[in-house]
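Values in this text are rule-based calculations from the coordinates and carry no lab data. Quantities reported herein were computed from a predicted structural model and do not represent experimental measurements. Cβ coordinates were reconstructed from backbone atoms using ideal geometry, including for glycine residues, and neighbour counts include every protein chain displayed.
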Amino acid sequence: MASNIYATKCPCCGRSAIEDYYYKTGEQYTICIRCGYNYSKTIKKWTTDCLEYKEEENEGNGVVVLEEKGGNRKKILLDSVVTDEQLEDYKTSFWAENINQEKSYVVLFKDGVFTVFLGYPPENFYLSFEDYREKMFAKYGYPDYDFMVPIEE
Ligand SMILES: [Zn+2]
């Protein structure tokens with residue numbers, strides 16, 4: 001597919017999100033693996049004289065990342081308010097026997113504040129987008145265009 005995928009600043013939390021932009025069609029997906037924010041712009045109708053997009057945006061409420069001992073990862077973007085019941089479920093999943101707790105985490109995001117509920121998010125998790133971008137450029141070298149920010153969890 002003709003797309004550019006780079007890290008971008010999350011409009012919800014200001015940390016690093018992932019943007020997947022399809023330059024031939026103008027379609028775009030943005031997901032934030034820090035706060036759970038997601039946005040999509042997709043083609044609703046495309047005829048010779050009309051191009052209509054459909055946009056959908058969900059604010060971030062947190063993320064759940066569960067890594068199994070075998071290495072399989074499951075990521076859940078919490079894009080609606082988390083209930084106590086859901087939180088209990090995530091807690092149970094987190095402590096399951098097949099989960100590597102050291103590589104898993106449950107983070108909540110509310111009113112602009114992150115709360116680590118369980119586990120250990122990676123170092124990059126805590127960086128603002130600007131700091132993250134500097135770190136990536138220092139690590140991988142400066143790209144030809146400054147929007148080409150590498151993605152790293
Ligand atoms: Zn975010």
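A few comments on the model shown:
- Crossing angle, helix 129-140 versus the chain [Cα axis fit, 0-90 degrees, rounded to tens]: 80 degrees
- Formal net charge of residues neighbouring Lys135 (Cβ-Cβ distance under 11 Å; K, R +1; D, E -1): -3
- Label point distance in nm, Arg73-Glu88, each placed 7 Å from Cα along Cα→Cβ: 3.0 nm
- Taking only the Cα atoms of the stretch 62-120, the ratio Rg/Rh comes out at 0.96, with Rh defined as the Kirkwood radius.
- For Phe117, distant residues with modelled amide H under 5 Å away: Val106, Val107, Leu108
- For Ser40, net neighbour charge (Lys/Arg +1, Asp/Glu -1) across residues whose Cβ lies under 10 Å away: -3
- Selection from Gly70, Val82, Leu118 lying farthest towards where the dipole of the stretch 62-120 points positive, charges on Cβ: Gly70
- Angle in degrees between helix 84-94 and the longest Cα principal axis of the chain, rounded to the nearest 10: 80 degrees
- For the chain, a simple Cβ point-charge model (Lys and Arg +1, Asp and Glu -1, everything else neutral) yields a dipole of about 260 debye relative to the Cα centre.
- Lysines whose Cα lies under 23 Å from that of Lys103, excluding same-chain neighbours fewer than 8 positions away: Lys69, Lys74, Lys75, Lys91, Lys135, Lys139
- When the Gaussian network model of the chain links Cα atoms closer than 10 Å, the mean-square fluctuations of Asp49, Asp84, Asp111 top out at Asp49.
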